[in-house]
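Peer 1: Provided herewith is a single structure, encoded as structure tokens, for subsequent inquiry.
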Amino acid sequence: MSMIAFVVAAYLIGSLSFAVIVSKAMGLADPRSYGSGNPGATNVLRTGKKLAAVLTLLGDGLKGWVAVALTAWLAPRYGLGDQAVAAAGLAVLIGHMWPVFFGFKGGKGVATAVGVLFGFSPWLALAAAATWLFMALVVRISSLSALVAAVLSPVYAFFIVGPQSVFFGTTLIIAILVLHRHKSNMLKLLTGAEGKIGDKTDGGAKRP
């Protein structure tokens with residue numbers, strides 16, 4: 001099996017948008033139709049359904065870890081190493097951000113990125129997640145928390161996995177992708193228009 005097969009499989013796993021899947025299963029509106037329009041846990045939380053948001057968060061994070069863990073387990077059998085694992089990590093994140101199953105309109109990748117980092121190194125993922133949680137508790141703004149965690153993740157990777165590791169370079173690319181997906185949030189932060197965690201919309205999140 002070639003590296004391409006692992007990359008394609010990881011991309012398809014990433015293309016499973018749990019925000020959309022969970023919302024549909026629980027009879028909620030498509031998260032792309034209200035709030036920020038982002039199919040992610042923070043936007044799903046705007047429905048007031050905490051269980052749906054938690055399931056979305058867990059699903060998106062788990063798929064990132066599964067893609068990396070499966071590749072790490074299977075790749076050596078085909079003579080592949082860490083490069084294949086790193087490529088799968090990028091592929092599952094790209095699948096989440098631009099999912100083939102949902103018109104290439106995906107989420108911003110925070111939960112999936114943490115799942116990927118957990119596959120690379122549990123300590124790296126815990127450092128990134130702790131940074132997000134600390135910022136979220138202090139500022140109550142999910143996007144700002146994600147931006148800070150993304151910027152610091154390569155710094156953590158430098159010390160945890162080492163600058164020579166393929167996972168350091170991959171973490172840097174992951175951070176750039178997450179920052180790219182948060183461009184609109186950056187503009188809202190600059191203008192003071194960014195909402196806080198738990199903010200609801202004017203009925204836009206009701207059952208269709």
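Peer 1: Name the pairs whose Cβ atoms lie under 8 Å apart, with the first residue in segment 75-94 and in contact (Cβ under 8 Å) with a residue 60 or more places away in the chain, the second surrounded by fewer than 16 Cβ atoms within 10 Å (Cβ to Cβ) and of a type in the set (Ser, Thr, Tyr), and 6 or more positions between them or separate chains?
Peer 2: TYR78/SER2
Peer 1: Conditions first: (1) over 21 Å from SER2 (Cα atoms); (2) surrounded by fewer than 24 Cβ atoms within 10 Å (Cβ to Cβ). PRO76 passes all but one, so which condition is the exception?
Peer 2: (1)
Peer 1: If LYS196 satisfies every condition in (1) modelled with pLDDT of 95 or more; (2) on the phi < 0 side of the Ramachandran plot but one, which is the exception?
Peer 2: Here LYS196 meets the rest and fails (1).
Peer 1: Let me ask something else. When segment 14-41 is examined, which residues are found to be among the small types (Gly, Ala, Ser), in a helix (DSSP H, G or I) and at pLDDT 90 or above?
Peer 2: Once the filter is applied, which keeps residues that are among the small types (Gly, Ala, Ser), in a helix (DSSP H, G or I) and at pLDDT 90 or above, segment 14-41 yields GLY14, ALA19, SER23, ALA25.
Peer 1: Related question: Out of all the residues in segment 99-107, is one or more more than 14 Å from TRP65 (Cβ to Cβ), touching a residue at least 40 places away in the same chain (Cβ under 8 Å) and within 12 Å of the chain's Cα centre (by Cα)? Quick ask: steps written out before the conclusion?
Peer 2: Let us first name the residues in segment 99-107 that are more than 14 Å from TRP65 (Cβ to Cβ), namely 99-107.
Among the residues that remain, those that are also touching a residue at least 40 places away in the same chain (Cβ under 8 Å) are: 99-102, 105-107.
Filter once more, keeping what is within 12 Å of the chain's Cα centre (by Cα): 106-107.
So far as segment 99-107 goes, yes, one or more of its residues are more than 14 Å from TRP65 (Cβ to Cβ), touching a residue at least 40 places away in the same chain (Cβ under 8 Å) and within 12 Å of the chain's Cα centre (by Cα).
Peer 1: Taking only segment 158-182 into account, find how many residues are within 17 Å of the chain's Cα centre (by Cα) and either over 23 Å from GLY107 (Cα atoms) or not in a helix (DSSP H, G or I) (or both). Quick ask: steps written out before the conclusion?
Peer 2: Our first condition is that a residue be within 17 Å of the chain's Cα centre (by Cα); within segment 158-182, this holds for 167, 170-182.
Filter once more, keeping what is either over 23 Å from GLY107 (Cα atoms) or not in a helix (DSSP H, G or I) (or both): 182.
Number of matching residues: 1.
Peer 1: Turning to a different aspect of this structure: Could you pull out the residue among SER33, SER23 that is of a type in the set (Gly, Ala, Ser) and more than 30 Å from THR71 (Cα to Cα)?
Peer 2: On the way: SER23 fails: more than 30 Å from THR71 (Cα to Cα).
Being of a type in the set (Gly, Ala, Ser) and more than 30 Å from THR71 (Cα to Cα) holds for just one of SER33, SER23, which is SER33.
Peer 1: Looking at GLY169, is it on the phi > 0 side of the Ramachandran plot, in contact with a helix residue (DSSP H, G or I) (Cβ under 9 Å, 6 or more places away or on another chain) and not aromatic (Phe, Trp, Tyr)? I'd like the intermediate steps shown before the answer.
Peer 2: Numbers: on the phi > 0 side of the Ramachandran plot: no; in contact with a helix residue (DSSP H, G or I) (Cβ under 9 Å, 6 or more places away or on another chain): yes; not aromatic (Phe, Trp, Tyr): yes.
When the stated conditions are applied, GLY169 does not pass them.
Peer 1: With the condition kept exactly as written, say whether any residue in segment 28-43 is of a type in the set (A, V, I, L, M, F, W, C) and surrounded by fewer than 18 Cβ atoms within 10 Å (Cβ to Cβ). Step through it out loud before you land on a result.
Peer 2: Taking segment 28-43 and keeping what is of a type in the set (A, V, I, L, M, F, W, C), we get 28-29, 41.
Still in the list and also surrounded by fewer than 18 Cβ atoms within 10 Å (Cβ to Cβ): none.
Taking every residue of segment 28-43 in turn, none turns out to be of a type in the set (A, V, I, L, M, F, W, C) and surrounded by fewer than 18 Cβ atoms within 10 Å (Cβ to Cβ).
Peer 1: Could you tell me whether segment 47-60 includes any residue that is crowded, with 21+ Cβ neighbours inside 10 Å and either out of contact with any helix residue (DSSP H, G or I) (no Cβ under 6 Å at 6 or more places or on another chain) or not in a helix (DSSP H, G or I) (or both)? So that I can check it myself, show each step before the final result.
Peer 2: Start the filter on segment 47-60 by keeping residues that are crowded, with 21+ Cβ neighbours inside 10 Å, which leaves 47, 52-53, 56-57, 60.
Right, trim to either out of contact with any helix residue (DSSP H, G or I) (no Cβ under 6 Å at 6 or more places or on another chain) or not in a helix (DSSP H, G or I) (or both) and you get 47.
Yes, there is a match, as at least one residue in segment 47-60 is crowded, with 21+ Cβ neighbours inside 10 Å and either out of contact with any helix residue (DSSP H, G or I) (no Cβ under 6 Å at 6 or more places or on another chain) or not in a helix (DSSP H, G or I) (or both).
Peer 1: Shifting gears a bit: Filtering segment 146-193 down to residues that are among the hydroxyl-bearing types (Ser, Thr, Tyr) and at pLDDT below 95, which residue is farthest from GLY61 (Cα to Cα)?
Peer 2: First, the residues of segment 146-193 that are among the hydroxyl-bearing types (Ser, Thr, Tyr): 153, 156, 165, 170-171, 184, 191.
Next, from what is left, pick out any that are at pLDDT below 95: 184, 191.
Values: SER184: 23, THR191: 30 Å.
Filtering segment 146-193 for residues that are among the hydroxyl-bearing types (Ser, Thr, Tyr) and at pLDDT below 95, the one farthest from GLY61 (Cα to Cα) comes out as THR191.
Peer 1: Starting from segment 1-12, keep only residues that are closer than 17 Å to ASP60 by Cβ, then list their pairs with residues that are buried (at least 16 other Cβ atoms within 10 Å of the Cβ) and of a type in the set (Lys, Arg) whose Cβ atoms are within a distance under 6 Å, requiring at least 6 positions of separation or different chains.
Peer 2: Pairs that qualify, where the first residue is closer than 17 Å to ASP60 by Cβ and the partner is buried (at least 16 other Cβ atoms within 10 Å of the Cβ) and of a type in the set (Lys, Arg): there are none.
Peer 1: Name the residues in segment 95-128 that are touching a Phe, Trp or Tyr at 6+ places or on another chain (Cβ under 6 Å) and either part of a helix (DSSP H, G or I) or buried (at least 24 other Cβ atoms within 10 Å of the Cβ) (or both), would you? Can you show your working first?
Peer 2: Of the residues in segment 95-128, the ones touching a Phe, Trp or Tyr at 6+ places or on another chain (Cβ under 6 Å) are 95, 98, 104, 106, 115, 118-120, 124-125, 127.
Matches in segment 95-128: GLY95, GLY106, GLY115, PHE118, GLY119, PHE120, LEU124, ALA125, ALA127.
Peer 1: Can you find a residue in segment 129-143 that is at pLDDT below 95, outside any helix (DSSP H, G or I) and aliphatic (A, V, I, L, M)?
Peer 2: Yes: segment 129-143 contains one or more residues that are at pLDDT below 95, outside any helix (DSSP H, G or I) and aliphatic (A, V, I, L, M).
The values are calculated or read from the model by the stated rules, or taken from the named source; none is laboratory data. Since we're looking at a predicted model, the values are computed, not measured. Methodologically, a virtual Cβ is constructed for each residue, glycine included, from the backbone with ideal geometry; neighbour enumeration extends over all protein chains shown.
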